[in-house]
Amino acid sequence: MALHPPLHPGVAEVTARIVERSKDTRADYIRRMDGARDSGVGRAKLSCANWAHAFAGQTIADKLTAMGGKTPNVGIVTAYNDMLSAHQPFERFPAVIREAARELGATAQVAGGTPAMCDGVTQGRPGMELSLFSRDVIAMSVGVALTHDAFDAAMCLGVCDKIVPGLFMGSLAFGHLPVVFAPAGPMPSGIPNAEKARVRAEYAQGKIDRQTLLESEIGSYHSPGTCTFYGTANSNQMMMELGGLHMPSTAFVHPETGLRDALTAAAAKRAVELAVSGEGRMADVIDEKSIVNMIVALLATGGSTNHAIHLVAMARAAGVLIDWTDMDQLSSVTPLLARVYPNGSADVNAFQAAGGVAFVARELAQAGHIHSDVTTIMGPGIHHYFQEPAMIDGELVWKDGVRESLDLDILRPASDPFDKEGGLRLVQGNLGRAVIKISAVKPQHRIIEAPARVFGAQEDVLAAFKAGELDEGCVIVLRFQGPKANGMPELHSLSPLMSVLQDRGLPIALVTDGRMSGASGKTPAAIHVTPEALEGGPLAYVEDGDLVRLDAEAGVLSVNADLTTRERARPHSVQSWGYGRELFGAFRAVVSSAEKGASVCFVAAPSEKQPEIRDVADPNVQNRAVDA
């Protein structure tokens, strides 16, 4: 194999378009990062009083090292709390990192902490309305932590949904430094995912009681570590690997193992080495090519729909401008290599055992679906991520990952994928632009045309289901769920009832300006509809009974009605207070659209062209063509 295999022409085309679109914003970002680098290391600029404050609470040995002013100081930003099972192991990580840094004559400090809420706890609750906004709060928290300017490198400790994107965005503001991400790993497997889904569906129909449901959920989420389905948290880890910010194959090693601690120590040492060499700054690791690699890795593994929003904001933090058209076109040429729940029955532990990230990286690179000539924290080239770690005689060693899948029901080569395209599609028409995850949706369910049932709150949908009002099948139009309306909550609590209706043979789909979950599953859902209803988007004009067409194959989202003759609907009630929601009024006022990343950190400049919303009635509109 050549070191840099020929790139797939579809990937090359999208990359070139992103580079051209981003030339001004990327150049401005690099100019700022170059200026920060050229101004010298932070510790050299701090006064004696500043430096004394920075180390007042450290050990005598670390103070003596720091006083020399010649060795790197690593700033740790941690999202530790012990309510998130995935983040509970981070309690011990700073001690591991500090000791590893000392072995190289350097120092490490916890520069700051970030909030880290659990979407699993807030699903269907008011707190979910703060979830997406927490990403930008985390980014700002990283800025507060690292603005002390006392660090030569940084390490970020985070795993879950909004947390890694927030850490990523905040760290890029300090892209003149090398930044290494260190995860905690997944919990061991619990009850089978199919069984968990069955119990949830039975509870939704009132066939079992709450105690039975609770016992099932506890059997699923039972120990420290990440939830084992392939939702947003584990999609984050896949992307950090293919983005070159992890030590190779770090994502899916269990927390309570010697290998996990060895990898954390190795990550700390790598941060010190990069600080000494002056190489591997985050601004050079994350560029247009690495962003494309992250998108392709997400698509090839059927990852979370949340990243249709997060990746836009994450890329923008590096001066890179992407949109849903880019993602859709990349999806059309990206082979689907993995079947992991909810796109299959296996969990991430089985995925890792079958070959894991190293296998996916090798397959995508050799087939020309990702850029091989990228910079990573391990050095030039994506080939570093074809390796896996192991402990031999108490020492961390690296070996080549498997070249053939060990379970073809979970992981397949690019030459024989589960599908010739990835798991995400753009749908658009006179209802706006939206995305749909189809990797878990069977072909017979990908085209739905049915009367609309219009709702303004997910509680109303649940009530209608319980009352039997959805038993004829319909397209559920759930509006006023966008970022400006209420923070764009996930609507995962609707998944069980939609699954029940689909299993009854009814036509069912969801169209919403809100989000689903990283666990979006077998029922079709056009989500993140832009423009959102609160801003006068087309969803604000849909009425009960309108014939809605969701055609994921052709990329169509339309309604058979003249919306221009109608009055715009207004939300009956949008709570703006309680459960902390009143603290985020300014966020709701200025947040960008979903396709612009739903961010308060990066508001689109006037020069950034907005994607055109195409009406499917326009004869010039071509249906989505898939060219593998």
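The values are calculated or read from the model by the stated rules, or taken from the named source; none is laboratory data. This one's a predicted model, so the numbers in the text were calculated from it and none came from an experiment. For neighbour counting, all protein chains shown are included, and Cβ atoms are generated from backbone atoms with ideal geometry for every residue, glycine included. Note: areas computed on protein heavy atoms with side chains; ligands, DNA, RNA excluded. Shrake-Rupley method; radii C 1.70, N 1.55, O 1.52, S 1.80 Å.
Structure above, values below:
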read-out	value
Stokes-Einstein D for region 217-334, Kirkwood Rh over Cα pairs, 20 °C, 1.002 mPa s (µm²/s)	135 µm²/s
Spread of Cα-to-Cα distances over 10 Å intervals beginning at zero, given as percent, for region 171-241	17, 35, 24, 13, 8, 2
Peptide ranges 582-595, 310-323, 259-272 listed from the most packed, as the mean C-beta count within 10 angstrom indicates	310-323, 259-272, 582-595
Per-residue SASA entry for Arg198, accessible area with 1.4 Å probe, Å² rounded to 10	100 Å²
Built amide H within the under 5 Å cut-off of Gly185, gap 5+	Thr226
Rounded to whole Hz, the Karplus (6.51, -1.76, 1.60) HN-Hα couplings of region 93-105, x for glycine and proline	4, x, 5, 5, 5, 4, 5, 5, 4, 4, 4, 9, x
For region 420-429, Karplus couplings with θ = phi - 60° (6.51, -1.76, 1.60), whole Hz, Gly/Pro x	7, 9, x, x, 10, 9, 8, 10, 7, x
Separation of the Glu256 and Arg31 label points, Cα + 7 Å toward Cβ, nm	5.4 nm
Region 1-158: relative contact order in percent, alpha carbon pairs under 8 Å with at least 6 residues between	29 percent
Loop-located GluC sites (Glu not before Pro) in region 206-308 whose Cβ has at most 15 other Cβ within 10 Å (DSSP)	Glu256, Glu279
Rg/Rh (Cα only; Kirkwood hydrodynamic radius) as it applies to region 270-344	1.07
Computed E for Glu449/Thr59 - FRET, C-beta separation, R0 45 angstrom, nearest 0.05	0.10
Phi to ³J(HN,Hα) by Karplus 6.51 cos²θ - 1.76 cosθ + 1.60 over region 360-368, Hz, x for Gly, Pro	4, 4, 4, 4, 5, 5, 5, 8, x
Evaluated over region 471-594, the Cα radius of gyration and Dmax, each in Å	15.1, 44
On Cα atoms only, tilt of 258-277 relative to the major axis of the chain in degrees	70 degrees
Assigned charges on the beta-carbon of Lys, Arg, Asp, Glu; the chain dipole about Cα centre (debye)	920 debye
Dipole in debye (nearest 20) - region 155-228, about Cα centre, beta carbon charges: Lys, Arg +1; Asp, Glu -1	100 debye
More than 38 Å apart - percent of Cα-Cα pairs taken over the chain	29 percent
At 1.567 mPa s and 4 °C, Stokes D of region 1-154 from Kirkwood alpha-carbon radius, µm² per second	68 µm²/s
Descending semi-axes in Å of region 347-392, equivalent ellipsoid built from Cα gyration tensor	20, 15, 7
Region 533-590 pair-distance distribution - Cα-Cα, 10 Å bins, rounded %	18, 35, 25, 21, 1
Alpha carbon Rg of region 1-50, scaled by the compact-globule rule 2.2 N^0.38 Å	1.95
Value of Rg/Rh across region 244-311 [Cα atoms, Kirkwood radius]	1.03
Region 130-216: translational diffusion in µm²/s, Stokes-Einstein, Kirkwood Rh over Cα pairs, 4 °C, 1.567 mPa s	82 µm²/s
P(r) tail fraction, region 370-513 - alpha-carbon pairs more than 19 Å apart, %	68 percent
Label-point gap, in nm, between Glu202 and Arg403 - each point 7 angstrom along Cα→Cβ	4.7 nm
When the convex hull of its Cα atoms is projected in every direction, mean area for region 316-381 (nm²)	6.2 nm²
Average Cα contact separation per residue, region 313-393, under 8 Å, 6 or more apart, as relative contact order %	18 percent
Where Thr212, Thr530, Thr512 fall by accessible area, highest first, once all protein chains stay in place (1.4 Å)	Thr212, Thr530, Thr512
Accessible-area value, Phe351, 1.4 Å probe, nucleic acids and ligands omitted, Å²	10 Å²
Ratio of Rg to Rh over region 317-450 (Cα coordinates, Kirkwood Rh, two decimals)	1.04
The chain - percent relative contact order, Cα under 8 Å, separation 6 or more	15 percent
Kirkwood Rh in Å, taken over region 73-204 so that all alpha-carbon pairs contribute	16.0 Å
Only Lys, Arg (+1) and Asp, Glu (-1) charged, at Cβ; region 1-60 dipole about Cα centre in debye	160 debye
Alpha-carbon centroid distance for the pair region 530-571 / region 369-430, whole angstrom	39 Å
Additional length obtainable on full extension of the chain from Ala586 to Ser415, 0.36 nm per residue less Cα span	56.6 nm
